[in-house]
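First up is the structure itself, then whatever we jot down about it.
The values are calculated or read from the model by the stated rules, or taken from the named source; none is laboratory data. Model, not experiment: these values are computed from the prediction. Positions of Cβ are generated from backbone atoms using ideal geometry, with glycine treated the same way; all protein chains shown enter the neighbour counts.
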Amino acid sequence: MRRAHNTIRALILKVVDAFYPLFKMVMPLQTFRYAACGGFNTVLGIVLYSIGYTYIFKEQVVHIANFALEPHIAADYLFAIWISFPIGFYLSRYVVFQESNLPKRVQLFRYAVVVFGSICINYFFLKFFVEIVQFNPTVAKICTSVFVIVFSYVSQRNFSFKSN
(Lines give C-alpha, C1' and ligand atoms only; values in the text may rest on other atoms or scores of the structure.)
Protein backbone atom coordinates (compact mmCIF):
# COMPACT_ATOMS: atom_id res chain seq x y z
CA MET A 1 0.00 0.00 0.00
CA ARG A 2 2.83 2.39 0.89
CA ARG A 3 4.44 1.72 -2.49
CA ALA A 4 1.21 2.51 -4.36
CA HIS A 5 0.82 5.70 -2.33
CA ASN A 6 4.39 6.81 -3.12
CA THR A 7 3.92 6.05 -6.82
CA ILE A 8 0.63 7.96 -7.00
CA ARG A 9 2.00 10.91 -5.03
CA ALA A 10 5.15 11.08 -7.19
CA LEU A 11 3.07 10.95 -10.38
CA ILE A 12 0.74 13.71 -9.20
CA LEU A 13 3.69 15.91 -8.17
CA LYS A 14 5.41 15.29 -11.51
CA VAL A 15 2.33 16.25 -13.51
CA VAL A 16 1.44 19.29 -11.39
CA ASP A 17 5.01 20.57 -11.13
CA ALA A 18 5.52 20.23 -14.91
CA PHE A 19 3.18 23.20 -15.37
CA TYR A 20 4.64 25.32 -12.58
CA PRO A 21 7.26 27.11 -14.74
CA LEU A 22 4.38 28.82 -16.58
CA PHE A 23 3.17 30.33 -13.29
CA LYS A 24 6.45 30.76 -11.42
CA MET A 25 6.44 34.54 -11.83
CA VAL A 26 2.86 34.81 -10.55
CA MET A 27 2.73 32.57 -7.47
CA PRO A 28 4.80 30.40 -5.16
CA LEU A 29 4.92 26.62 -5.70
CA GLN A 30 2.61 25.78 -2.79
CA THR A 31 -0.07 28.19 -4.00
CA PHE A 32 0.22 26.73 -7.50
CA ARG A 33 -0.07 23.19 -6.17
CA TYR A 34 -3.14 24.21 -4.17
CA ALA A 35 -4.67 25.85 -7.23
CA ALA A 36 -3.97 22.79 -9.38
CA CYS A 37 -5.14 20.21 -6.84
CA GLY A 38 -8.02 22.33 -5.60
CA GLY A 39 -8.98 23.14 -9.17
CA PHE A 40 -9.01 19.46 -10.07
CA ASN A 41 -11.06 18.58 -6.99
CA THR A 42 -13.45 21.47 -7.64
CA VAL A 43 -14.00 20.41 -11.25
CA LEU A 44 -14.46 16.82 -10.08
CA GLY A 45 -17.01 18.05 -7.51
CA ILE A 46 -18.89 20.04 -10.15
CA VAL A 47 -18.96 17.08 -12.54
CA LEU A 48 -20.14 14.75 -9.76
CA TYR A 49 -22.71 17.34 -8.68
CA SER A 50 -24.03 17.62 -12.22
CA ILE A 51 -24.20 13.82 -12.58
CA GLY A 52 -25.94 13.52 -9.22
CA TYR A 53 -28.40 16.32 -9.97
CA THR A 54 -29.27 15.14 -13.46
CA TYR A 55 -28.93 11.36 -13.43
CA ILE A 56 -29.06 10.11 -9.84
CA PHE A 57 -31.64 12.43 -8.30
CA LYS A 58 -33.20 13.25 -11.70
CA GLU A 59 -33.87 16.84 -10.69
CA GLN A 60 -36.47 15.63 -8.16
CA VAL A 61 -36.93 16.40 -4.47
CA VAL A 62 -35.35 13.70 -2.32
CA HIS A 63 -37.37 12.50 0.67
CA ILE A 64 -35.53 10.98 3.62
CA ALA A 65 -37.72 10.21 6.63
CA ASN A 66 -39.44 13.52 7.43
CA PHE A 67 -36.98 15.62 5.44
CA ALA A 68 -37.22 16.82 1.89
CA LEU A 69 -34.03 17.90 0.13
CA GLU A 70 -34.06 19.93 -3.03
CA PRO A 71 -32.19 18.07 -5.79
CA HIS A 72 -29.44 20.69 -5.98
CA ILE A 73 -28.73 20.16 -2.27
CA ALA A 74 -29.02 16.36 -2.41
CA ALA A 75 -26.61 16.16 -5.35
CA ASP A 76 -23.95 17.89 -3.31
CA TYR A 77 -24.44 16.44 0.16
CA LEU A 78 -25.64 12.93 -0.59
CA PHE A 79 -23.30 12.28 -3.50
CA ALA A 80 -20.50 14.61 -4.62
CA ILE A 81 -18.96 15.38 -1.24
CA TRP A 82 -18.47 11.69 -0.36
CA ILE A 83 -16.06 11.35 -3.27
CA SER A 84 -14.42 14.77 -3.28
CA PHE A 85 -13.71 14.88 0.50
CA PRO A 86 -11.18 12.00 0.67
CA ILE A 87 -9.56 13.01 -2.61
CA GLY A 88 -9.24 16.61 -1.39
CA PHE A 89 -7.68 15.52 1.90
CA TYR A 90 -5.20 13.25 0.15
CA LEU A 91 -4.12 15.97 -2.27
CA SER A 92 -3.88 18.59 0.47
CA ARG A 93 -1.86 16.39 2.82
CA TYR A 94 0.49 14.70 0.38
CA VAL A 95 0.84 17.19 -2.47
CA VAL A 96 0.11 20.73 -1.28
CA PHE A 97 0.97 20.97 2.41
CA GLN A 98 3.74 18.38 2.69
CA GLU A 99 5.73 20.39 5.22
CA SER A 100 3.01 20.24 7.87
CA ASN A 101 4.24 18.24 10.85
CA LEU A 102 0.89 17.91 12.59
CA PRO A 103 -0.27 14.34 13.19
CA LYS A 104 -2.47 12.95 10.42
CA ARG A 105 -5.51 12.61 12.74
CA VAL A 106 -5.20 16.30 13.74
CA GLN A 107 -4.95 17.30 10.09
CA LEU A 108 -7.94 15.16 9.19
CA PHE A 109 -10.03 16.61 12.04
CA ARG A 110 -9.08 20.17 11.12
CA TYR A 111 -9.64 19.46 7.44
CA ALA A 112 -13.10 18.14 8.31
CA VAL A 113 -13.83 21.31 10.35
CA VAL A 114 -12.86 23.49 7.38
CA VAL A 115 -14.88 21.31 5.02
CA PHE A 116 -17.86 21.69 7.36
CA GLY A 117 -17.39 25.48 7.18
CA SER A 118 -17.16 25.17 3.41
CA ILE A 119 -20.35 23.09 3.40
CA CYS A 120 -22.16 25.84 5.32
CA ILE A 121 -20.92 28.50 2.90
CA ASN A 122 -21.73 26.22 -0.03
CA TYR A 123 -25.26 25.56 1.27
CA PHE A 124 -25.99 29.24 1.82
CA PHE A 125 -24.76 30.31 -1.62
CA LEU A 126 -26.37 27.38 -3.47
CA LYS A 127 -29.72 28.21 -1.88
CA PHE A 128 -29.19 31.89 -2.63
CA PHE A 129 -28.15 31.47 -6.28
CA VAL A 130 -30.72 28.78 -7.17
CA GLU A 131 -33.74 29.83 -5.13
CA ILE A 132 -33.40 33.62 -4.93
CA VAL A 133 -31.32 34.67 -7.95
CA GLN A 134 -32.81 31.79 -10.02
CA PHE A 135 -29.51 30.64 -11.57
CA ASN A 136 -29.28 27.28 -13.30
CA PRO A 137 -28.11 24.84 -10.57
CA THR A 138 -24.83 23.97 -12.31
CA VAL A 139 -24.03 27.66 -12.90
CA ALA A 140 -24.93 28.32 -9.25
CA LYS A 141 -22.52 25.56 -8.19
CA ILE A 142 -19.71 27.15 -10.20
CA CYS A 143 -20.38 30.61 -8.71
CA THR A 144 -20.60 29.17 -5.21
CA SER A 145 -17.27 27.40 -5.69
CA VAL A 146 -15.47 30.75 -5.94
CA PHE A 147 -16.46 31.70 -2.39
CA VAL A 148 -15.71 28.24 -1.05
CA ILE A 149 -12.25 28.10 -2.68
CA VAL A 150 -11.09 31.36 -1.12
CA PHE A 151 -12.33 30.36 2.34
CA SER A 152 -10.88 26.88 2.01
CA TYR A 153 -7.39 27.92 0.89
CA VAL A 154 -6.93 30.45 3.66
CA SER A 155 -8.29 28.03 6.26
CA GLN A 156 -6.31 25.01 5.09
CA ARG A 157 -3.04 26.93 4.91
CA ASN A 158 -3.44 28.69 8.26
CA PHE A 159 -5.31 26.03 10.26
CA SER A 160 -5.60 22.48 8.94
CA PHE A 161 -2.07 22.00 7.66
CA LYS A 162 -0.18 24.73 9.47
CA SER A 163 3.26 23.77 10.72
CA ASN A 164 4.02 23.90 14.43
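Can you find a residue that is within 26 Å of residue 6 (Cβ to Cβ), modelled with pLDDT of 90 or more and of a type in the set (Ser, Thr, Tyr) anywhere in region 139-158? Within region 139-158 (the criterion being within 26 Å of residue 6 (Cβ to Cβ), modelled with pLDDT of 90 or more and of a type in the set (Ser, Thr, Tyr)), the answer is no, since none of the residues qualifies. Take the residues of region 60-75 that are in contact with a Leu (Cβ under 7 Å, 6 or more places away or on another chain) and either part of a helix (DSSP H, G or I) or at positive phi (or both): which is surrounded by the fewest Cβ atoms within 10 Å (Cβ to Cβ)? Of everything passing the filter in region 60-75, 73 is surrounded by the fewest Cβ atoms within 10 Å (Cβ to Cβ).
Being surrounded by 11 or more Cβ atoms within 10 Å (Cβ to Cβ), touching a helix residue (DSSP H, G or I) at 6+ places or on another chain (Cβ under 7 Å) and among the polar types (S, T, N, Q) is the requirement here; does residue 54 meet it?
Values: surrounded by 11 or more Cβ atoms within 10 Å (Cβ to Cβ): yes; touching a helix residue (DSSP H, G or I) at 6+ places or on another chain (Cβ under 7 Å): no; among the polar types (S, T, N, Q): yes.
So residue 54 fails the test.
Among the candidates 113, 148, the residue that is hydrophobic (A, V, I, L, M, F, W, C), surrounded by 20 or more Cβ atoms within 10 Å (Cβ to Cβ) and within 14 Å of the chain's Cα centre (by Cα) is uniquely 148.
Here is a yes/no grid of residues against (1) in a helix (DSSP H, G or I); (2) crowded, with 19+ Cβ neighbours inside 10 Å; (3) modelled with pLDDT under 90:
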| position | (1), (2), (3) |
| --- | --- |
| 11 | yes, no, no |
| 15 | yes, no, no |
| 32 | yes, yes, no |
| 47 | yes, no, no |
| 102 | no, no, no |
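The residues in region 76-100 that are surrounded by 14 or more Cβ atoms within 10 Å (Cβ to Cβ), over 15 Å from residue 157 (Cα atoms) and under 14 Å from the mean Cα position of the chain (by Cα) can be counted, and the count is 9.
Residues checked against (1) farther than 24 Å from residue 17 by Cα; (2) at pLDDT below 90; (3) part of a helix (DSSP H, G or I):
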| residue | (1), (2), (3) |
| --- | --- |
| 84 | no, no, yes |
| 89 | no, no, yes |
| 107 | no, no, yes |
| 116 | yes, no, yes |
| 119 | yes, yes, yes |
